[in-house]
């Protein structure tokens, strides 16, 4: 016969299993994270053409003055610092998911870019950077002559 005992000192939390399941589902559907690894921030999109590469990145809460962008050879670096939100002594965080503090993201480009021909724009929280390939590095089309 199985006997169970109830301890009055132990309180039951009927929502504990639901919170564990929600946490597991969040990890499952968060495509920017892998198990046990922090997300790479900021997320970027790249499009490469024959003569240039275009990058976009969402950086909400920043201004163009908060962002430092550097390009050298085949490397692009984005550095910024998110200010910590102001809170009062009477506030307690309920959930804290937004990025804060400094970050540096360095990305390898598919080819060298000309640092003198980089166009960077920041509009509505989206950084767009278009980088041109140096003329000397562009593929040369060779015309084949018939003999």
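The values are calculated or read from the model by the stated rules, or taken from the named source; none is laboratory data. This structure is a prediction, so every number in the text was calculated from the model and none was measured. Here the Cβ is made from the backbone with ideal geometry for all residues, glycine too, and neighbour counts use every protein chain on show.
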- Message: Given the criteria outside any strand (DSSP E or B), within 20 Å of residue 130 (Cα to Cα) and at pLDDT 85 or above, does residue 112 qualify?
- Response: yes
- Task: Return only the number of the condition from (1) within 18 Å of residue 43 (Cβ to Cβ); (2) in a strand (DSSP E or B) that residue 70 does not satisfy.
- Result: (1)
- Positions within the stretch 43-55 being farther than 16 Å from residue 113 by Cβ and part of a strand (DSSP E or B), in sequence order: 45
- Query: Looking at residue 8, is it at pLDDT below 85, surrounded by fewer than 13 Cβ atoms within 10 Å (Cβ to Cβ) and within 30 Å of residue 115 (Cβ to Cβ)?
  - Reply: no
- Message: Quick check on residue 86: is it over 21 Å from residue 42 (Cα atoms) and either exposed (fewer than 13 other Cβ atoms within 10 Å of the Cβ) or at pLDDT below 90 (or both)?
- Response: yes
- Item | Residue ID - nearest to residue 111 (Cα to Cα), chosen from residues in the stretch 47-73 that are free of Cβ contacts under 8 Å to residues at least 60 places away in the same chain and touching a strand residue (DSSP E or B) at 6+ places or on another chain (Cβ under 6 Å) | 47
